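Below is one structure, written out as C-alpha cells, with a few remarks after it.
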Amino acid sequence: MKRMLLALAAVTLLGAIETPKVGDKVPDWSAKDENGVVHQMSQYAGHAVVLEWTNSECPFVERHYQAGTMKQLAAALGAKDVVWLAVNSTYTNTPDDTKAWKQDQGFSYATLQDADGKLGHLFGARTTPHMFVIDAKGVLRYRGAIDDDQYGRAEKPNNYVDSAVHALWASADPNPNETAPYGCSVKYKP
C-alpha cells in the first residue's frame with residue numbers, strides 16, 4: 001500500500017511539473033476540431049489565444065451559453081484578432097455531439113475534440129468552464145474562472161478573461177492572473 005501511494009504521489013508530482021503555470025510558455029499542442037481540422041498552438045503565433053473547457057451537459061456551461069457569455073466575448077475579442085477555441089475533454093463526446101451543440105447554441109468557433117483527455121491533462125483543466133489565456137508569444141497569462149459570478153446572481157459580473165485580454169493589449173500583467181475555476185468536473189475517461 002505504501003509503495004502504491006508513493007507511486008501515485010510521483011505520478012501526481014510529474015503531472016504537476018508538466019502542466020504550464022502562469023508565466024510559462026505552453027507546449028506546442030495540437031488537436032482536431034469537430035470537423036477534423038487540426039489546430040496547433042504554433043499556428044497562432046502572434047495572436048492571443050483563449051481556451052475554454054466546455055461540456056454541453058454541464059449546468060454552469062449551459063447557463064453561460066444561455067446568457068451569451070462565451071459567444072459574445074468570443075465575437076468581441078475575435079474582432080480584435082484573438083483566437084477563441086473551446087475544448088471538450090468529455091470522454092463520451094463525439095464530433096457529431098459537438099456539431100449539434102454548436103448549431104443549437106449558434107456559435108461558430110472551433111471546439112477541439114479531446115476525448116482522450118491529453119490536452120485537458122496538459123493544461124490541468126479541472127472544470128467546465130475552465131479558462132486559459134495565452135499571449136501572442138505563447139505564454140500562459142491567465143487561468144481560472146470565466147468570471148466572479150459562480151451562481152449567475154450578479155448584475156454585472158467581473159469577467160476575468162475579458163480583463164486579462166485587455167491587460168495584454170495594454171502591455172500589462174493580468175490582475176488577477178489566476179482564479180479558482182468553478183463548474184462541473186471535466187469528465188475524463190476513467
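The values are calculated or read from the model by the stated rules, or taken from the named source; none is laboratory data. Keep in mind that this is a model prediction, so the values were computed, not measured. So basically every Cβ, Gly included, is an ideal-geometry build from the backbone, and we count neighbours across all protein chains shown. What goes into the accessible areas is simple: the full protein's heavy atoms, side chains included, and nothing from ligands, DNA or RNA. Shrake-Rupley method; radii C 1.70, N 1.55, O 1.52, S 1.80 Å.
Whether a residue is out of contact with any Asp or Glu (no Cβ under 6 Å at 6 or more places or on another chain) and open to solvent by less than 40 Å² (accessible area, probe 1.4 Å) was assessed, and TYR91 does not pass this test. Scoring ALA125 on the criteria (1) out of contact with any helix residue (DSSP H, G or I) (no Cβ under 6 Å at 6 or more places or on another chain); (2) in contact (Cβ under 8 Å) with a residue 12 or more places away in the chain; (3) open to solvent by 20 Å² or more (accessible area, probe 1.4 Å) leaves a single failure, condition (3).
Here ALA100 passes the criteria (1) open to solvent by 40 Å² or more (accessible area, probe 1.4 Å); (2) hydrophobic (A, V, I, L, M, F, W, C); (3) under 10 Å from the mean Cα position of the chain (by Cα) except the one numbered (3). Does TYR151 satisfy being closer than 20 Å to ASP162 by Cβ and either in a loop (DSSP other than H, G, I, E, B) or of a type in the set (Val, Ile, Thr) (or both)? Against the criterion (closer than 20 Å to ASP162 by Cβ and either in a loop (DSSP other than H, G, I, E, B) or of a type in the set (Val, Ile, Thr) (or both)), TYR151 qualifies. Listed conditions (1) modelled with pLDDT of 95 or more; (2) of a type outside the set (Phe, Trp, Tyr); (3) open to solvent by 50 Å² or more (accessible area, probe 1.4 Å) are all met by MET131, apart from (3).
Name the single residue, out of those in segment 166-180 being part of a loop (DSSP other than H, G, I, E, B) and under 16 Å from the mean Cα position of the chain (by Cα), that is surrounded by the fewest Cβ atoms within 10 Å (Cβ to Cβ). Reasoning before the result, please.
Of the residues in segment 166-180, the ones part of a loop (DSSP other than H, G, I, E, B) are 170-177, 179-180.
Cutting the leftovers down to under 16 Å from the mean Cα position of the chain (by Cα) gives us 177, 179-180.
Values: ASN177: 18, THR179: 17, ALA180: 9.
Here the residue is ALA180.
The numbered conditions (1) buried (at least 16 other Cβ atoms within 10 Å of the Cβ); (2) modelled with pLDDT under 95; (3) of a type outside the set (Val, Ile, Thr) are all true for TYR44 except (2).
For segment 156-165, indicate whether the set of residues that are of a type in the set (S, T, N, Q), in contact with a strand residue (DSSP E or B) (Cβ under 9 Å, 6 or more places away or on another chain) and assigned to a helix (DSSP H, G or I) is non-empty. Yes: segment 156-165 contains one or more residues that are of a type in the set (S, T, N, Q), in contact with a strand residue (DSSP E or B) (Cβ under 9 Å, 6 or more places away or on another chain) and assigned to a helix (DSSP H, G or I).
When you check LEU119 against the structure, is it crowded, with 19+ Cβ neighbours inside 10 Å, in contact with a Leu (Cβ under 6 Å, 6 or more places away or on another chain) and either at pLDDT 95 or above or not in a helix (DSSP H, G or I) (or both), yes or no? Let's see the steps before the verdict.
Values: crowded, with 19+ Cβ neighbours inside 10 Å: yes; in contact with a Leu (Cβ under 6 Å, 6 or more places away or on another chain): no; either at pLDDT 95 or above or not in a helix (DSSP H, G or I) (or both): yes.
Here the answer is no, as LEU119 does not meet what is asked.
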